[in-house]
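Here the structure is laid out as structure tokens; the discussion comes afterwards.
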Amino acid sequence: MLPCPCPAPFSPLILGIALHQENLPLSNFFFNNSISLLFLFVFLCSIFIINLTIRIIFCVIDVKKHKEAENRLLQEEWENIKMMPKYMEMLQTRSTLPITRMRNHLLQLLKINDVIVICGETGCGKTTQVPQFILDDMIESRLGGHCNIICTQPRRIAAISVAERVSDERCEPSPGHHGSLVGFQVRLESSRNERTKLLFCTTGILLRRLAGDNNLEGVTHIIVDEVHERTLLGDFLLIILKNLVERRSNTSFKLKVILMSATVDANLFTGYFNNCPVITAEGRIHPVSSFFLEDIYERLNYSLPSDSPASGKNLTSARGKHGGRSIDNHRGKKNLVLSAWGDESLLHQDYINPYYVADVYEAYSKKTCQNLKFLNEDIIDYDLLEDLICFVDENYPSGAILVFLPGVAEISLLVDKLIATYRFRGSSSEWILPLHSSLASAEQRQVFLSPPQNIRKVILATDIAETSITIDDVIYVIDTGKHKEKRYNPQKKMSSMVEDWISQANAKQRRGRAGRVNPGMCFCLYTRHRFESLMRLFQMPEILRVPLTELCLQVKSLLLGDVKTFLLKAIEPPSEDAIASAISLLYEVGAFEGEEKLTPLGHHLAKLPVDILIGKMLLYGAIFGCLSPILSIAAFLSYKLPFVYPKDEKQNVERAKMLLMSEKMDTSINSIAGNNDSDHLLLVSAYKKWYKTLNENGTKAAQQFCRSYFLSSSVMYMIRGKINYIKMGNCYQQKFSQTALRLAKFSYRITNTTASVHSGSVVLYFIT
Ligand SMILES: Nc1ncnc2c1ncn2[C@@H]1O[C@H](COP(=O)(O)OP(=O)(O)OP(=O)(O)O)[C@@H](O)[C@H]1O
């Protein structure tokens, strides 16, 4: 046997020579020299490790050099931009913003604190300036290459428009384009590149990033704008950020968090983040004058008809009409007749507005007092709205009007009303622009366009226009004081949108959309008394008023540990009962199993942007080959039923329903139905026929169809928007097809059943 050679200078070369000299077969050597082999292995490993270490060192040096070069380059580029006349002009305007005075103080505080709260009037410059202060400071300190700021906005339109404004102020190309340091990312749309240093995105996008990178590697600053909104995802994000700041505070790579709002409860937030400092920016650049309902009545010399839906006299019939709230509105004809005969007193009996305080209105005319006395404040007075918009159009200088309404149905109603008036006929009607979340981003952005001369732009918006955005030509804001909030419906075991009064914080934000570029005016369709004494200071946090199932699924899918422990860390934690009931529902639905473990169904539900019960129905729809009709049913159930019941026409409505069901339906529905008694299939049939009419014969025919079958046109459009939303949100094409693919291949398990894909399934269409 070959004696073992000295291992120290052992090398493959020596090994080869030894083998050659001894003329031994290789196998012999290997079998007989296990110790040598071990040394060979150790040797090769050490070579590999040394090699790797050297490479890593070079790599680190390389990255460092690269970063330094990037720091230098950014600084040089920045110096050049600062010399540009356009930039200097912009800087001049920016320097008048109240927040600019706080720049140095803010940067100083940020050096010694991980979290800061910034409060400042609407329009003082928080959203557009604070991210730039940080970016510019890092560039000037030759740290630009390391800078990575994420600024979250509650809504898509804000993220996109603010990114555009900021790149404009910096004289850069559009966000995400070559040469721009600014970018944006929202659902289904992104404009960013590898040089993006300041990213505006929605809260949902940041949460999605956290799912893949729970340490937010490389991110230096997170700015959470409009923290007062207290959305479910916003509060959820704050828990994660609080943990993350603590985790990274002991490392060399700290995370800085800035919370901003015009209407924030600063004490609550500083308390949550270990008494972090608060910066307050006082003042705004342009004044906004406010007018309350009583002032509007006076200016318009308005008389509230007693049979107007907004009159208390109409309270009972309005309630009876559409389950408590009517959005139909017609000028009171009875009133016109009676007042012409001088019989107004006959109209006002019994009802008195419970919020009417006579003393407050002593200085106002008798007519105004009468209006307020008999007003039903729960109902929006569309006649008044129409009159007010026409009044502003007729009497005030140019400038866009922004009207806040609770929802899409209300927007459609007002669009129809305005188009019917002589002031907004013809080409003017093209500048009555709806703005709500069901519109695609490109459609939403139309509100930023300028109308031709002599045409007044009127934007009819939900609360998506309430925060962060600047529509530079808006001078007049009209606020109905209402919005829709998600609330839990224990009967349906689902949450739905309910109309309610806004809070004082919302009202201030709405008012703040005027007077951003010029002095503005805000007309509030509620009394000063309501604003000062009846409105809540802040909106109730969503986490305290909706079921927590969605949040529990997110806790699990982001691997954040025990649901209850996590949620109890919220800034205002939900009750333990609410958490327990959400968890129990998730077990019942089959989304959780064992120790709060997500089932395959749970994983899919966590990715669907709908209520879990609706989500499960959609997934089963995909499995059993009837996703299309199920999608319509899901949209109706999560919004509202489309049938309207005019007074004394109940029988006609029932007849129309029978007609909708009895007329020939397509085979896919008939095969599921078996009979024609299903309320859900009635909805499918109504939607299919309406959609077909709209596509083939246009909007007028679709409207006629709605009239004939007692359907609400606005609800039908809303349903179309909802269906598109689910289809657009990659769940339809990707998620369902992924589910179906797995189901098809592996007979995938959903809860306790094993299912296979129906041969006629629309999902098979997507996977083939
Ligand atoms: N797109 C724009 N066009 C013209 N001016 C703009 C635009 N965006 C912002 N500004 C100007 O910058 C000012 C500050 O806007 P910014 O959005 O930063 O204020 P903010 O304090 O964040 O307000 P808010 O609390 O309402 O979000 C505005 O009042 C306006 O004068």
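The values are calculated or read from the model by the stated rules, or taken from the named source; none is laboratory data. None of these values were measured; they are calculated from a predicted model. Glycine also receives a Cβ, built like all others from the backbone with ideal geometry; neighbour counts cover every protein chain displayed. We work out accessible area using only protein heavy atoms, side chains counted, and drop any ligands, DNA or RNA first. Shrake-Rupley method; radii C 1.70, N 1.55, O 1.52, S 1.80 Å.
Condition first: near the ligand (Cβ under 7 Å from one of its atoms) and either open to solvent by 30 Å² or more (accessible area, probe 1.4 Å) or in contact with a helix residue (DSSP H, G or I) (Cβ under 8 Å, 6 or more places away or on another chain) (or both). Now tell me which residues in the stretch 122-168 satisfy that.
Result: THR122, CYS124, GLY125, LYS126, THR127, THR128, GLN129, SER161, VAL162, ARG165.
Among the residues of the stretch 353-368, which ones are open to solvent by less than 60 Å² (accessible area, probe 1.4 Å) and in contact (Cβ under 8 Å) with a residue 60 or more places away in the chain?
Passing the criteria: VAL357, TYR361, SER365, THR368.
Looking at this structure, is ASN371 open to solvent by less than 20 Å² (accessible area, probe 1.4 Å), out of contact with any His (no Cβ under 7 Å at 6 or more places or on another chain) and polar (S, T, N, Q)?
yes
Does ASP378 count as in contact (Cβ under 8 Å) with a residue 40 or more places away in the chain, out of contact with any helix residue (DSSP H, G or I) (no Cβ under 7 Å at 6 or more places or on another chain) and surrounded by fewer than 22 Cβ atoms within 10 Å (Cβ to Cβ)?
yes
Only one of (1) crowded, with 24+ Cβ neighbours inside 10 Å; (2) at pLDDT below 95 is not met by GLU172, so which one is it?
Single failed check for GLU172: (1).
List every residue pair whose Cβ atoms lie under 6 Å apart, where the two residues are 6 or more positions apart in sequence or sit on different chains, the first residue falls within the stretch 176-191 and is touching a residue at least 40 places away in the same chain (Cβ under 8 Å) and closer than 12 Å to ARG156 by Cβ, and the second residue, located anywhere, is open to solvent by 10 Å² or more (accessible area, probe 1.4 Å) and of a type in the set (Val, Ile, Thr).
If the second residue must be open to solvent by 10 Å² or more (accessible area, probe 1.4 Å) and of a type in the set (Val, Ile, Thr), the pairs left are VAL186/THR202.
State which residue is modelled with the lowest pLDDT when the search covers only the stretch 185-228 and only residues that are of a type in the set (Lys, Arg) and within 21 Å of ARG165 (Cβ to Cβ).
ARG187
If you take the residues of the stretch 266-286 that are hydrophobic (A, V, I, L, M, F, W, C) and within 12 Å of the ligand (Cβ to nearest atom), which of them is most open to solvent (accessible area, probe 1.4 Å)?
Residue satisfying both the conditions and the ranking: ILE285.
Looking at this structure, is ILE149 at pLDDT 95 or above, in the same structural domain as ARG230 (by TED's automatic domain parsing) and either over 23 Å from MET84 (Cα atoms) or not charged (D, E, K, R) (or both)?
Criteria met by ILE149.
What single numbered condition from (1) open to solvent by 60 Å² or more (accessible area, probe 1.4 Å); (2) within 16 Å of the ligand (Cβ to nearest atom); (3) hydrophobic (A, V, I, L, M, F, W, C) fails to hold for LEU97?
So the condition that LEU97 fails would be (1).
Residues of the stretch 607-664 being within 14 Å of ASP679 (Cβ to Cβ) and hydroxyl-bearing (Ser, Thr, Tyr), which ones?
Residue satisfying the conditions is SER632 alone.
How about the stretch 625-658: which of its residues are open to solvent by 60 Å² or more (accessible area, probe 1.4 Å), hydrophobic (A, V, I, L, M, F, W, C) and more than 29 Å from TYR488 (Cβ to Cβ)?
MET658
Taking strands (runs of 3 or more DSSP E) that do not extend beyond the stretch 438-529, which have at least 1 residues that are within 13 Å of the ligand (Cβ to nearest atom), out of contact with any Cys (no Cβ under 6 Å at 6 or more places or on another chain) and not assigned by TED's automatic domain parsing to the domain that holds THR127?
Answer list for the stretch 438-529: 474-479, 520-524.
Table: residues versus (1) open to solvent by less than 90 Å² (accessible area, probe 1.4 Å); (2) closer than 20 Å to ALA634 by Cα; (3) among the basic types (Lys, Arg).
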position	(1), (2), (3)
ASP677	no, yes, no
LEU683	yes, yes, no
ALA686	yes, yes, no
TRP690	yes, yes, no
LEU694	yes, no, no
GLY698	yes, no, no
PHE705	yes, no, no
PHE710	yes, no, no
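Would you confirm whether or not the stretch 230-239 contains a residue that is over 21 Å from the mean Cα position of the chain (by Cα) and of a type outside the set (Asp, Glu)?
The answer is no; no qualifying residue exists.
Looking at the stretch 250-265, which of the residues that are in contact with a strand residue (DSSP E or B) (Cβ under 6 Å, 6 or more places away or on another chain) and away from the ligand (no atom under 14 Å from the Cβ) is farthest from VAL117 (Cα to Cα)?
LYS256
Please determine whether any residue of the stretch 540-558 is within 30 Å of TYR476 (Cα to Cα), within 16 Å of the ligand (Cβ to nearest atom) and not hydroxyl-bearing (Ser, Thr, Tyr).
No, every residue in the stretch 540-558 fails to be within 30 Å of TYR476 (Cα to Cα), within 16 Å of the ligand (Cβ to nearest atom) and not hydroxyl-bearing (Ser, Thr, Tyr).
Could you give every pair whose Cβ atoms fall below 9 Å, whose first residue belongs to the stretch 65-90 and is over 14 Å from LEU143 (Cα atoms), and whose second residue is of a type in the set (D, E, K, R), counting only separations of at least 6 or pairs across chains?
ILE81/ARG170; ILE81/GLU172; TYR87/GLU169; TYR87/ARG170; MET88/LYS82; MET90/ASP168; MET90/GLU169; MET90/ARG170
Keeping to the stretch 175-189, report how many residues are aliphatic (A, V, I, L, M) and surrounded by fewer than 23 Cβ atoms within 10 Å (Cβ to Cβ).
2
Among ARG230, ARG247, ARG208, ARG192, which is crowded, with 19+ Cβ neighbours inside 10 Å and more than 16 Å from the ligand (Cβ to nearest atom)?
ARG192
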